[in-house]
């Protein structure tokens, strides 16, 4: 069947019941798209080779974390410690051709399962296909976090309540997905002024953020929100802010093998999972992802990814980074805020505890 309904046939006044017909057609298209994404994930699973399979240790009710990485060894010690303390029980990791010893570092960790691939990150939907497969096979019925190695998930009361408290509340509230706005954090001064060392909390170096220069709109296709702004829009995409990276994410989901991400963690199918905001007033609980990309390693990483060309839009984002990266631009400005805690972000309207008391 074609790419959509023959809109040109619907001329003149809309007849009674026409909206319902169009709605049913759109629902059918979304179901078909979801099935295709699942089939694609199954096909792409052939590119994965298990190098450390501890999935037999996963117990019912465990909270899982899924990620794709490449050359992130320096971040792994703190990353794993942070999420273990938060309450993650098992890590499912796709290593996309690391050459920095990252896989060796993970060797022997009983709560980490690792798959290796040298296949194209871009042709795997920027890693989404690989992760969709792992979630379909191992995460059915589990709460799952999907994050990058440079993202730190925070949520209401994360300083006093474990992640299990949040997922229990979401279960009791009948909520299947939880959103988190990506907030870029950065140092005051040159990005390479203070070297980051393995095991260090990156927020000791990158602890400033933009508090208010964000735009938000609703994506009519999937119903998810689309957020842009922050230092990347302000500095790297100042002349083309609409091309700045999306900051809306839905990283925490009570997974079902029928679910699938369709665009990083920006949107899911079924579309109801994207309804992470209130439409009749009020606020739903939400969190944030502190994005710690801007450390001294940023310039080298941007150059590598630009040359690989494996990211969205032919790595246009990394080309923008590389073009300015040689100048070592300072992201800090007089309107920057220093990060304190989640309550500060709630006051600023960047996350919310909703009705979770």
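This table checks each residue for (1) part of a loop (DSSP other than H, G, I, E, B); (2) surrounded by fewer than 18 Cβ atoms within 10 Å (Cβ to Cβ).
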position: 29; (1), (2): no, yes
position: 33; (1), (2): no, yes
position: 43; (1), (2): no, yes
position: 51; (1), (2): no, yes
position: 56; (1), (2): no, yes
position: 61; (1), (2): yes, yes
position: 66; (1), (2): no, no
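Residues that are buried (at least 18 other Cβ atoms within 10 Å of the Cβ) and either modelled with pLDDT under 95 or under 19 Å from the mean Cα position of the chain (by Cα) (or both) are absent from the stretch 100-109 altogether.
The condition of being out of contact with any strand residue (DSSP E or B) (no Cβ under 7 Å at 6 or more places or on another chain) and farther than 20 Å from residue 140 by Cα holds for only one of 123, 59, 103, that being 123.
Just one of (1) surrounded by 17 or more Cβ atoms within 10 Å (Cβ to Cβ); (2) under 22 Å from residue 176 (Cα atoms); (3) in contact with a helix residue (DSSP H, G or I) (Cβ under 9 Å, 6 or more places away or on another chain); (4) at pLDDT 95 or above fails for residue 248. It is (3).
Within the stretch 68-99, work out how many residues are assigned to a helix (DSSP H, G or I) and crowded, with 17+ Cβ neighbours inside 10 Å. Selection size over the stretch 68-99: 9.
Yes or no, residue by residue, for (1) outside any loop (DSSP other than H, G, I, E, B); (2) within 17 Å of residue 253 (Cβ to Cβ); (3) within 12 Å of the chain's Cα centre (by Cα); (4) at pLDDT 95 or above:
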{"residue": "161", "(1), (2), (3), (4)": "no, no, no, yes"}
{"residue": "174", "(1), (2), (3), (4)": "no, yes, no, yes"}
{"residue": "178", "(1), (2), (3), (4)": "yes, yes, yes, yes"}
{"residue": "191", "(1), (2), (3), (4)": "no, no, no, no"}
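Return the residue satisfying two criteria in turn: it lies in the stretch 194-220 and is part of a loop (DSSP other than H, G, I, E, B) and touching a strand residue (DSSP E or B) at 6+ places or on another chain (Cβ under 8 Å), and of such residues it is surrounded by the fewest Cβ atoms within 10 Å (Cβ to Cβ). Restricting to residues being part of a loop (DSSP other than H, G, I, E, B) and touching a strand residue (DSSP E or B) at 6+ places or on another chain (Cβ under 8 Å), the top hit is 213.
Here residue 116 clears all of (1) crowded, with 20+ Cβ neighbours inside 10 Å; (2) in contact with a strand residue (DSSP E or B) (Cβ under 7 Å, 6 or more places away or on another chain); (3) closer than 27 Å to residue 298 by Cα except the condition numbered (1).
The values are calculated or read from the model by the stated rules, or taken from the named source; none is laboratory data. All of these numbers come straight from a predicted model, not from anything done at the bench. FYI the Cβ positions are ideal-geometry reconstructions off the backbone, even for glycines, and counts take in every protein chain you see.
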